[in-house]
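Asks: A single structure is presented below for examination.
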Amino acid sequence: MLLLFTSFAVKSQTENNSKRLSFFEIVDSLFIDHDLKNYSARVFSNYKVKQFRIINGDFKSSYVPNNRVGLGFGFASSKVLIDIAFNIKTGKKEPTNRFDAQGSIIYKNHHYVNGYIQVYNGFNIRNNFNEPNVFRDDIKSRTLGFNYLYALSEIEFSYSLLKAGLIEPDKKVYINGGFGVFMMFDYFSSNSSVLPENGLLYFNEQADIKRYNQRAVGILGGFLSAFVLPENFIATFNIMPGIALVNKTVTLQDGGYKPSNPILYKLDIDLALSYNVERYYINLTYGTGIYSTDLDFNNKYRFNLTMAKLAFGYKLKI
């Protein structure tokens, strides 16, 4: 399955006559870099996963996809980074069919937006109560959403430019913070109960879920930082916790209900380490988003979106 990861880094200047720009001029100013020195070709390996859990007390049932590792290629400039990855599938495991994409943009130095969409068909069911692990191709998951952060001071250090190998830092430490909003839709379903065989011996009847969906709108805070290290290394650390009001619907094998607790918590963390010299760069990045909400009856639902990538870039012109 083809996977696409796109990240846009845009630092635009305010123009009083911006309303008079044509569509093509806007596209050119936002996405086209006319300096060949800013372009690089890239190869990479990555790890991507959306997994979720149903928890009741000490018992936990986890849903984990297969073929989480990929290889790919792409290109980067000061304004756009596009990576295309291909899942590595082996004959030893039943494949998860999936589409997984994320993107981010920085607009006018204060506005940071990132979005994601993930479509997964087929999960391994793992548990901590000694029932056999099984693969179920009828379990499906759909997740999409976005985060918006308004930075209190100008975003001087672009995470996307670091990944494109174009950072030329002029100080040792960059620290910024802000606040914003996020929205998210999440869904999973199966032909029958998502619980493993004999799952009702460990969970209650309200965990005998056939279908679940939630829609959340919330607020978040953000802390962005970067540190220039010796020997051409740069490290970054970003964190965005949030809380949301969520509308949830649980469909059971027999009946259904709407959980009364309207709160969802989330925590996004991004880490990166980059080595950058005149002709090439190497990036190691890791990001995860953790989401948690209560389904009543002592049942909890948690899921996380995780991506790690090791990329090698070669600059086309110096």
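Asks: Only one residue in F185, F223 is part of a strand (DSSP E or B), open to solvent by 10 Å² or more (accessible area, probe 1.4 Å) and either free of Cβ contacts under 8 Å to residues at least 12 places away in the same chain or over 22 Å from Q51 (Cβ atoms) (or both), so which one is that?
Replies: The unique qualifying residue is F223.
Asks: Would you pick out the residues in the stretch 190-201 that are in contact (Cβ under 8 Å) with a residue 60 or more places away in the chain and under 28 Å from the mean Cα position of the chain (by Cα)?
Replies: S193, V194, L195, P196
Asks: Now a separate question. For the stretch 245-292, enumerate the residues that are open to solvent by less than 60 Å² (accessible area, probe 1.4 Å), under 26 Å from the mean Cα position of the chain (by Cα), among the hydrophobic types (A, V, I, L, M, F, W, C) and farther than 14 Å from G218 by Cβ.
Replies: Of everything in the stretch 245-292, those that are open to solvent by less than 60 Å² (accessible area, probe 1.4 Å), under 26 Å from the mean Cα position of the chain (by Cα), among the hydrophobic types (A, V, I, L, M, F, W, C) and farther than 14 Å from G218 by Cβ turn out to be V250, I269, A272.
Asks: Among all residue pairs at least 6 apart or on different chains, which show Cβ distances below 9 Å where the first residue, located in the stretch 65-92, is over 22 Å from G313 (Cα atoms) and the second is small (G, A, S)?
Replies: Every condition considered, the pairs that remain are P65/G122; P65/S141; N66/G122.
Asks: Taking I139 as the residue in question, decide whether it is surrounded by 18 or more Cβ atoms within 10 Å (Cβ to Cβ), within 23 Å of N176 (Cα to Cα) and of a type outside the set (S, T, N, Q). I'd like the intermediate steps shown before the answer.
Replies: On the way: surrounded by 18 or more Cβ atoms within 10 Å (Cβ to Cβ): yes; within 23 Å of N176 (Cα to Cα): no; of a type outside the set (S, T, N, Q): yes.
The answer is no for I139.
Asks: Within the stretch 163-182, can you find the residues that are more than 15 Å from G242 (Cα to Cα) and either among the charged types (D, E, K, R) or open to solvent by 30 Å² or more (accessible area, probe 1.4 Å) (or both)?
Replies: Passing the criteria: K163, L166, E168, P169, D170, K171, K172, V173, I175.
Asks: Please go through (1) open to solvent by 20 Å² or more (accessible area, probe 1.4 Å); (2) more than 21 Å from G145 (Cα to Cα) for G313 and return the number of the only condition it doesn't satisfy.
Replies: Against the list (1) open to solvent by 20 Å² or more (accessible area, probe 1.4 Å); (2) more than 21 Å from G145 (Cα to Cα), G313 comes up short only on (1).
Asks: Identify, please: which residue in the stretch 204-220 is in a strand (DSSP E or B) and of a type in the set (A, V, I, L, M, F, W, C) and is, among those, nearest to S61 (Cα to Cα)?
Replies: Result: I209.
Asks: For the stretch 202-217, enumerate the residues that are open to solvent by 10 Å² or more (accessible area, probe 1.4 Å) and either without any contact (Cβ under 8 Å) to a residue 60 or more places away in the chain or under 18 Å from the mean Cα position of the chain (by Cα) (or both).
Replies: Of everything in the stretch 202-217, those that are open to solvent by 10 Å² or more (accessible area, probe 1.4 Å) and either without any contact (Cβ under 8 Å) to a residue 60 or more places away in the chain or under 18 Å from the mean Cα position of the chain (by Cα) (or both) turn out to be E205, D208, K210, R211, N213, R215, V217.
Asks: Pick out, from the stretch 45-164, the strands (runs of 3 or more DSSP E) lying fully within it that include 1 or more residues that are within 22 Å of N213 (Cα to Cα) and of a type in the set (F, W, Y).
Replies: On the way: elements: 59-64, 69-76, 80-87, 97-107, 111-127, 134-151.
Correct list: 59-64, 97-107, 111-127, 134-151.
The values are calculated or read from the model by the stated rules, or taken from the named source; none is laboratory data. Remember, predicted model here, so these are calculated numbers, not experimental data. A quick note on method: Cβ atoms are made from the backbone with ideal geometry, for glycine too, and the neighbour counts reach across all protein chains shown. Calculation scope for accessible area: heavy atoms of the full protein, side chains included, ligands and nucleic acids excluded. Shrake-Rupley method; radii C 1.70, N 1.55, O 1.52, S 1.80 Å.
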